[in-house]
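The values are calculated or read from the model by the stated rules, or taken from the named source; none is laboratory data. Computed from a predicted structure; not experimentally measured. Here Cβ is always computed from backbone atoms with ideal geometry, including for glycine, and neighbour counts include all displayed protein chains.
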Amino acid sequence: MDEELLGNRMNLELESIGLNQLNDLGNKAISLGLIAGHGHHGGQYELLHQGKVVTLSPSEAVTYLENLIREVGA
């Protein structure tokens, strides 16, 4: 897929998921020390987890973050 198509796909997913939900989950994971950072890059959502970049679609990122937070019981 080219970058423009990925960007459009991400925009549609972000609208349906809600940027605020994804941002809130990312910020909560940072405050719990589960990830070092998060943000959009190249049409995907990136998380910095255990020294590695994890690149996911926005919907996958929500699931990933929810699972991380659930594992620590927060």
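The helices (runs of 4 or more DSSP H) found entirely in the chain that carry 2 or more residues being of a type in the set (Asp, Glu) and modelled with pLDDT of 80 or more are 3-17, 58-71. Restricting the first member to the range 56-74 and to residues that are touching a residue at least 24 places away in the same chain (Cβ under 8 Å), and the second to residues that are in a helix (DSSP H, G or I) and basic (Lys, Arg), the beta-carbon pairs closer than 7 Å and six or more apart or on different chains are Ile69/Lys28.
A quick yes/no check of all residues on (1) loosely packed, with under 15 Cβ neighbours inside 10 Å; (2) of a type outside the set (A, V, I, L, M):
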position: Asp2; (1), (2): yes, yes
position: Arg9; (1), (2): no, yes
position: Glu13; (1), (2): no, yes
position: Leu25; (1), (2): no, no
position: His40; (1), (2): no, yes
position: Lys52; (1), (2): yes, yes
position: Pro58; (1), (2): no, yes
position: Tyr64; (1), (2): no, yes
position: Arg70; (1), (2): yes, yes
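Cβ separations smaller than 8 Å between residues 6+ apart or across chains give the following pairs from the range 16-44 residues that are farther than 16 Å from Leu56 by Cα to residues that are modelled with pLDDT under 85: Lys28/Ala74; Leu32/Ala74.
If you go through the range 54-74 and keep only what is acidic (Asp, Glu) and closer than 14 Å to Asn23 by Cα, you end up with Glu60, Glu66. Considering Glu13, Glu46, the condition of being of a type in the set (Asp, Glu) and touching a His at 6+ places or on another chain (Cβ under 9 Å) is satisfied by Glu46 alone.
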